[in-house]
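Remarks on the structure that follows.
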Ligand SMILES: CC(C)(COP(=O)(O)OP(=O)(O)OC[C@H]1O[C@@H](n2cnc3c(N)ncnc32)[C@H](O)[C@@H]1OP(=O)(O)O)[C@@H](O)C(=O)NCCC(=O)NCCS
């Protein structure tokens with residue numbers, strides 16, 4: 001990752017306020033209740049490969065049926081208890097809360113029997129003053145992993161992010177989840193973000209401190225790249 005020293009002119013208060021207003025508008029517009037992000041990409045409604053026929057549908061955290069909530073919790077436990085280890089009981093509670101938030105947006109994947117076999121949960125939010133699509137969960141049942149569905153869902157969320165003028169897709173991954181790290185870094189070309197604890201500790205010279213996760217990102221414009229990818233030492237003149 002690049003390390004840069006940037007000499008910048010300090011923005012005026014009015015410039016800061018205008019920028020904040022523009023970003024808030026982008027987030028509000030992305031959450032507009034009449035917006036169905038999936039319907040804007042009809043080619044992503046179906047995922048068909050030899051022996052696999054799947055249908056995608058969108059959902060919202062505050063509209064989940066109790067069956068769907070139970071399904072999500074069960075799948076999270078199956079896939080994530082291992083990578084989280086001792087942190088799982090606390091993390092499970094956090095995830096249960098996040099699951100039903102009105103800000104949580106979903107794309108569910110169903111098989112030919114119409115059973116859900118996986119999902120991606122995402123939000124539009126702000127990281128370091130950059131509007132981003134944050135992937136909270138990407139979960140597939142074990143028998144449906146390694147068949148291209150994860151890549152397909154990530155391509156879709158990247159398109160949704162760009163369509164809604166987000167600067168990046170951001171996500172958190174457990175360091176112990178080496179197969180997911182390999183999937184994001186090597187297959188989907190994500191980067192460890194400059195805001196990831198490992199990079200921040202490295203920059204400020206903290207030794208011996210470690211977090212169990214990394215923050216990864218894929219950026220779509222120069223500003224997001226400068227803030228989320230490149231480690232900057234910013235000096236105002
Ligand atoms: C991680 C996960 C979402 C990936 O989705 P997937 O559908 O299994 O992955 P895909 O089949 O789309 O794989 C895309 C590419 O990554 C590679 N890949 C996927 N999983 C891999 C693994 N475990 N080890 C090595 N390579 C892997 C595939 O070979 C494929 O490469 P290719 O494009 O060159 O053929 C899925 O395996 C999963 O649900 N895992 C459990 C939950 C989890 O860890 N989620 C991530 C939390 S941050």
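Quick note: the coordinates plus some simple rules give every number you see, no bench work behind them. Bear in mind the structure is a predicted one, so any value in this text is a computation, not a measurement. A quick note on method: Cβ atoms are made from the backbone with ideal geometry, for glycine too, and the neighbour counts reach across all protein chains shown.
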Compute the convex hull volume of the Cα atoms of the stretch 173-230, divide it by the residue count, and report the result per residue in Å³ as a whole number.
68
With everything on Cα atoms, drop me the angle between helix 88-99 and the longest principal axis of the chain, reported from 0 to 90° to the nearest 10.
90
Among 215, 207, 192, which comes first, then next, by fewest other beta-carbon atoms within 10 Å?
207, 192, 215
Fewest-first ordering of 43, 37, 222 by Cβ atoms within 10 Å yields 43, 222, 37
Compute the angle between helix 149-163 and the longest alpha-carbon principal axis of the chain, please, reported from 0 to 90 degrees and rounded to the nearest 10.
50
One finds, for residue 13 and residue 201 with R0 = 45 angstrom and r their Cβ-Cβ distance, a FRET efficiency to the nearest 0.05 of 0.90
Stretchable slack from residue 34 to residue 22, in nm (0.36 nm times residue separation minus alpha-carbon distance)
2.3 nm
Length-normalised contact order of the stretch 72-210, Cα under 8 Å, at least 6 apart, in percent, tallies to 17
For the chain, alpha-carbon Rg over 2.2 N^0.38 Å
1.07
What percent do you get for the relative contact order of the stretch 9-128 when only Cα pairs under 8 Å and 6+ apart count?
27
Let me know the Rg and Dmax you get for the stretch 64-172 when you use only its Cα atoms, in Å.
14.2, 43
Projected area, mean over directions - the stretch 107-237, Cα convex hull, nm²:
9.3
So what's Rg/Rh here for the stretch 14-63, counting alpha carbon atoms and using the Kirkwood radius for Rh?
1.23
Once R0 is set to 25 Å, what does the formula 1/(1 + (r/R0)^6) return for the Cβ-Cβ distance between residue 186 and residue 143, expressed as a FRET efficiency to the nearest 0.05?
0.60
Degrees, to the nearest 10: 13-30 long Cα axis against longest axis of the chain:
10
Residue 175 to residue 129: FRET efficiency via 1/(1 + (r/R0)^6), r the Cβ-Cβ distance, R0 30 Å, to the nearest 0.05?
0.65
With just the Cα atoms defining each centre, how far is the stretch 125-140 from the stretch 160-237? Give it in Å.
11
The simple spin-label model distance between residue 41 and residue 58, using points 7 Å out along Cα→Cβ, in nm, is 1.1
For peptides 157-170, 137-150, sequence by mean Cβ density within 10 Å, most packed first
157-170, 137-150
